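First the structure, in the form of structure tokens, and then the observations on it.
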Amino acid sequence: MRVLEGIMPERVMYYFEEITRIPRCSHKEKEISDYLVRTGKDLGLQVIQDEALNVIVKKEGFEGYENSPVLVLQGHMDMVCEKTEDSSHDFSKDPIKIEIEDDYIIAKETTLGADNGIALAMILAILESKDIAHPPIEALFTSDEESGMSGALALDPKNIDGRILINLDSEEEGTALVSCAGGERNIVSIGLEWEDLAGDREFFELSLSGLQGGHSGMEINNGRGNSNKLMGRILDYLSKKLDLSLSYIEGGSKSNAIPRFTRVTIAIGKEDIDELNASLSSIERDLQNELVHTDGDIKINLNPVDNTDKRVFTKETMEKIISALVLIPNGVQSMSGAIEGLVESSTNLGVVKTEQDRVTLESSIRSSVGTLKAHISNQIQLLCQCIGASSESLSAYPAWQYKDESYIRDMLKETYREIYNEEINISAIHAGLECGLFDEKFDDMDMISFGPNMYGVHAPGEKLSISSTGRIYEFLLKLLEKIR
């Protein structure tokens, strides 16, 4: 039994439910890529699959549209795979468990993958259609958008003929995007030095949970707690009051998702356990008060654990880790002076983990101004110099610059005005879109981005509006009809 059976638009919902059943975490897109290839071939269309697992499906124009300009319809096939702490979901094999709740399709224990699965579903419905008027189409399904845009980066321009592109990776109906931030991943490495634990001490797992998390671009200005930064603050406070040792830290899972859960393993003398509990209760009250409007359910948990190794980080190593957690830039760094309410620059400390010989801290840096992005990266580098750590920048992608003249933007505005008798909001976004790479790779590509209403993307409980999806799909069809 299909959960979405009978929900309109029928074929869009059919393909979306199919997509939710296919594993497609970033870097693990082989199954979804092969599914797109099979579907395109089953429809009798020309299909290209490259080494990066990008898929291009080409369809001729509808009758009367054979000589119209070629249009690229684009979405990405991977999703951010996040789940609640108590979920047993296995993203490598389990279908996403979807439910209908009022006007929404929702996944309560995991991310839904509407970002960007709904784009794939809309495009597939158009590719299979026999009666939708449209120009020649090149459907471009890219891989690994969420963790570095390596699919778009590896795309061979020779495989794409179209110079008009509609990106369906936006999340707010009534708004079309014409510009986006550039970004990069930054990884700080702190070398580990160990020592044997002295004295009669107890080991505990200290964890921080109950945060909302969310998209580190779209929701970075909502004041939500970052579990990695907050854990640094907790450790800093405790280390100044108690004789504390640290032997493990882990927090977050994606650099582009605001982390919701962080845990550490600490050791402390038995005589200090009561003081530890009292301190944590006090810190928890303070954080709940500070975050009452965004993350009021924040919880600090302390549980005893066995540690047969009896080794801990040296005091110097622990101090380096705490200093990095506390001092590394995080959150909104600057606001746009040109577009009211738009974040100009930000950074998100998304992942902290203990490896065999080091602790790494991974941040996602975003800015619509290249020099400001470089400045944030330099701040991190200077911090590393101060504490004796190292940093490297990876997966840099460019901003998508606004163009004064745009055929597709004019067509979009005209279509929206005809349907709704009002103006569509033309805006920019503080998040990375593949349009930035396409703008660099195809210097004459004319682009626009829009999509249906989604909420809580990159976090469990992500939901997609059914009615908005229907309206956006009908709007897209009207827009295709105009491109002749």
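Going through Ser227, Ser216 one at a time, which residue ends up being among the small types (Gly, Ala, Ser), closer than 30 Å to Asp439 by Cα and buried (at least 23 other Cβ atoms within 10 Å of the Cβ)? Break it down stepwise before answering.
Values: Ser227 fails: closer than 30 Å to Asp439 by Cα.
Among Ser227, Ser216, only Ser216 is among the small types (Gly, Ala, Ser), closer than 30 Å to Asp439 by Cα and buried (at least 23 other Cβ atoms within 10 Å of the Cβ).
Out of the range 404-443, which residues are under 21 Å from Leu476 (Cβ atoms) and exposed (fewer than 15 other Cβ atoms within 10 Å of the Cβ)?
Listed by number, the residues that qualify are Tyr407, Asp410, Glu414, Arg417, Glu418, Ile419, Tyr420, Asn421, Glu422, Glu423, Asn425.
Within the range 240-292, how many residues turn out to be among the aliphatic types (A, V, I, L, M) and part of a loop (DSSP other than H, G, I, E, B)? Talk me through it step by step, then tell me what you get.
Of the range 240-292, the ones among the aliphatic types (A, V, I, L, M) are 242, 244, 246, 249, 257-258, 264, 266-268, 273, 276, 278, 280, 283, 287, 291-292.
Next cut, part of a loop (DSSP other than H, G, I, E, B) only: 242, 291-292.
Of the residues in that region, 3 qualify.
Working only within the range 237-287, note down all residues that are farther than 23 Å from Glu82 by Cβ, touching a Ser or Thr at 6+ places or on another chain (Cβ under 8 Å) and of a type in the set (D, E, K, R).
Once the filter is applied, which keeps residues that are farther than 23 Å from Glu82 by Cβ, touching a Ser or Thr at 6+ places or on another chain (Cβ under 8 Å) and of a type in the set (D, E, K, R), the range 237-287 yields only Lys241.
So, in the range 242-259, how many residues would count as being of a type outside the set (Gly, Ala, Ser) and touching a helix residue (DSSP H, G or I) at 6+ places or on another chain (Cβ under 6 Å)?
The first filter runs over the range 242-259 and keeps only residues of a type outside the set (Gly, Ala, Ser), leaving 242-244, 246, 248-250, 254, 256, 258-259.
Checking the rest, the ones that are also touching a helix residue (DSSP H, G or I) at 6+ places or on another chain (Cβ under 6 Å) come to 242, 244, 246, 259.
Selection size over the range 242-259: 4.
Can you work out which of the residues in the range 289-310 that are surrounded by fewer than 15 Cβ atoms within 10 Å (Cβ to Cβ) and charged (D, E, K, R) is farthest from Lys270 (Cα to Cα)?
Residue satisfying both the conditions and the ranking: Asp297.
Could you tell me whether Ser279 is among the small types (Gly, Ala, Ser) and either buried (at least 19 other Cβ atoms within 10 Å of the Cβ) or in contact (Cβ under 8 Å) with a residue 40 or more places away in the chain (or both)? Spell out the reasoning first.
Working: among the small types (Gly, Ala, Ser): yes; either buried (at least 19 other Cβ atoms within 10 Å of the Cβ) or in contact (Cβ under 8 Å) with a residue 40 or more places away in the chain (or both): yes.
Yes; evaluated as a whole, the condition is true for this residue.
Of all residues in the range 150-166, which are within 25 Å of the chain's Cα centre (by Cα) and over 15 Å from His134 (Cβ atoms)? Walk me through how you get there before you give the answer.
Looking only at the range 150-166, we keep the residues that are within 25 Å of the chain's Cα centre (by Cα), and these are 150-156, 165-166.
If the condition is that a residue be within 25 Å of the chain's Cα centre (by Cα) and over 15 Å from His134 (Cβ atoms), then Ser150, Gly151, Ala152, Leu153, Ala154, Leu155, Asp156 are the ones that fit.
To keep it simple, each residue is scored yes or no on (1) within 14 Å of the chain's Cα centre (by Cα); (2) assigned to a loop (DSSP other than H, G, I, E, B).
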residue: Asp86; (1), (2): no, yes
residue: Lys93; (1), (2): no, yes
residue: Ile96; (1), (2): no, yes
residue: Ile100; (1), (2): no, no
residue: Ile105; (1), (2): no, no
residue: Leu112; (1), (2): yes, yes
residue: Asp115; (1), (2): yes, no
residue: Ile118; (1), (2): no, no
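Here are Asn186, Asn167, Asn222, Asn159: which of them is touching a residue at least 24 places away in the same chain (Cβ under 8 Å), surrounded by 18 or more Cβ atoms within 10 Å (Cβ to Cβ) and over 26 Å from Phe475 (Cα atoms)?
Numbers: Asn167 fails: over 26 Å from Phe475 (Cα atoms); Asn222 fails: surrounded by 18 or more Cβ atoms within 10 Å (Cβ to Cβ); Asn159 fails: surrounded by 18 or more Cβ atoms within 10 Å (Cβ to Cβ).
Of the residues listed, the single one that is touching a residue at least 24 places away in the same chain (Cβ under 8 Å), surrounded by 18 or more Cβ atoms within 10 Å (Cβ to Cβ) and over 26 Å from Phe475 (Cα atoms) is Asn186.
Tell me, please, whether a residue that is at pLDDT below 95, acidic (Asp, Glu), in contact with a helix residue (DSSP H, G or I) (Cβ under 7 Å, 6 or more places away or on another chain) and farther than 22 Å from Ser255 by Cα can be found in the range 194-202.
Yes, the conditions are met somewhere in the range 194-202.
Can you say whether Phe62 is part of a loop (DSSP other than H, G, I, E, B) and touching a helix residue (DSSP H, G or I) at 6+ places or on another chain (Cβ under 9 Å), as far as the supplied structure shows?
When the stated conditions are applied, Phe62 passes them.
Find all pairs meeting these conditions: Cβ atoms under 6 angstrom apart; at least six residues apart or on different chains; first residue within the range 257-269 and among the basic types (Lys, Arg); second residue at pLDDT 95 or above.
Arg260/Leu211; Arg260/Ser227; Arg263/Glu205; Arg263/Ser207; Arg263/Glu250
Among the numbered criteria (1) at pLDDT below 95; (2) crowded, with 21+ Cβ neighbours inside 10 Å, which one does Ala338 miss?
Going through the list (1) at pLDDT below 95; (2) crowded, with 21+ Cβ neighbours inside 10 Å, Ala338 breaks only (2).
If I ask for residues that are under 20 Å from Asn256 (Cβ atoms) and of a type in the set (A, V, I, L, M, F, W, C), which ones from the range 46-102 would you list?
Matches in the range 46-102: Ala52, Leu53, Met77, Met79, Val80, Cys81, Phe91, Ile96.
Taking the range 314-347, which residues are under 20 Å from Gln385 (Cα atoms) and under 18 Å from the mean Cα position of the chain (by Cα)? So that I can check it myself, show each step before the final result.
Step one: filter the range 314-347 for residues under 20 Å from Gln385 (Cα atoms), giving 314-330, 347.
Correct list: Asn330, Thr347.
Take the conditions in contact with a Gly (Cβ under 9 Å, 6 or more places away or on another chain) and of a type in the set (Val, Ile, Thr) and apply them to Ile365. Does it pass?
On the way: in contact with a Gly (Cβ under 9 Å, 6 or more places away or on another chain): yes; of a type in the set (Val, Ile, Thr): yes.
Judged against the criteria, Ile365 is a match.
The values are calculated or read from the model by the stated rules, or taken from the named source; none is laboratory data. What you see is a predicted model; the values in this text were computed from it and never measured. Here the Cβ is made from the backbone with ideal geometry for all residues, glycine too, and neighbour counts use every protein chain on show.
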